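The values are calculated or read from the model by the stated rules, or taken from the named source; none is laboratory data. Everything numeric in this text was worked out from a predicted model, so none of it was measured. Cβ sites come from the backbone with ideal geometry, for glycine too, and all protein chains shown count toward neighbours. The accessibility values were calculated without ligands, DNA or RNA, using every heavy atom of the protein model including side chains. Shrake-Rupley method; radii C 1.70, N 1.55, O 1.52, S 1.80 Å.
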Amino acid sequence: MEQSTHKGIAKKIEVAANIGIVVVALLAAGFFVKSHFARPPEPRQTIPIGSKLEIKGVDWGAKRATLVLALSTNCRYCTESAPFYRELTKNAKDKQVRTIAIFPQPVQDASAYLKNEDMQVDEIRQTPLSAIQITGTPTLLLIDSKGTVQGVWIGKLPAEKEKDVLAKLTS
């Protein structure tokens, strides 16, 4: 009788363990789906159009316009947007628009990131993004020769917003 009791307990432990494994597997699958297929977060408010952008040592008058790319080496949406940024920076160079990439990480890390993503910019800077009123990455800013913000685009952009950025860059 004692042996059948042990078998009953062992069976209950086995069933409980199997249920636990299934629950853990379902939770892991849920986290995977959420992290890989979730929509990008809604853009947060950042520096307003029409305001002056001040970055120490930057002469906005050096070119007719400057495209500022505020990125982070650990930003998933920056990496997902890299093909568009490659096109954008190439287009900017063709239109005589200066490009500056700003990262919160050290310039050496930022440079390696840009090289890995095959993006070429005129200048790379390390700046706390909050110091220039940028609340999230990626953020694109189009600045005129007087340092005035002419365009702001936040987050991973849908195709129609990418066209808007390219149109604004050429105008």
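What are the residues in region 77-108 that are surrounded by fewer than 18 Cβ atoms within 10 Å (Cβ to Cβ) and charged (D, E, K, R), if any?
The answer is E80, R86, E87, K90, K93, D94, K95.
Scan region 88-97 residue by residue and report those that are in contact (Cβ under 8 Å) with a residue 60 or more places away in the chain and either under 19 Å from I154 (Cβ atoms) or outside any helix (DSSP H, G or I) (or both).
Initial filter on region 88-97 (in contact (Cβ under 8 Å) with a residue 60 or more places away in the chain): 88, 91-92, 95, 97.
Scanning region 88-97 gives L88, A92, K95, V97.
Do any residues in region 61-84 that are closer than 24 Å to Q96 by Cα and assigned to a loop (DSSP other than H, G, I, E, B) have Cβ atoms under 9 Å from those of residues that are of a type in the set (G, A, S) and open to solvent by less than 50 Å² (accessible area, probe 1.4 Å), where the two are at least six apart or on different chains, and which pairs are they?
L71/S81; L71/A101; L71/A110; S81/G155
Somewhere in region 120-131, is a residue part of a loop (DSSP other than H, G, I, E, B), open to solvent by 60 Å² or more (accessible area, probe 1.4 Å) and aliphatic (A, V, I, L, M)?
So the first thing to find is which residues in region 120-131 are part of a loop (DSSP other than H, G, I, E, B), and the list is 120-122, 127-128.
Those still in the list that are open to solvent by 60 Å² or more (accessible area, probe 1.4 Å) too: 120, 122, 128.
Checking the rest, the ones that are also aliphatic (A, V, I, L, M) come to none.
No - not one qualifying residue is present in region 120-131.
Quick one: which residue in L114, L157 is surrounded by 16 or more Cβ atoms within 10 Å (Cβ to Cβ) and either among the small types (G, A, S) or assigned to a helix (DSSP H, G or I) (or both)? Quick ask: steps written out before the conclusion?
Working: L157 fails: either among the small types (G, A, S) or assigned to a helix (DSSP H, G or I) (or both).
Step by step, each of L114, L157 is checked, and only L114 is surrounded by 16 or more Cβ atoms within 10 Å (Cβ to Cβ) and either among the small types (G, A, S) or assigned to a helix (DSSP H, G or I) (or both).
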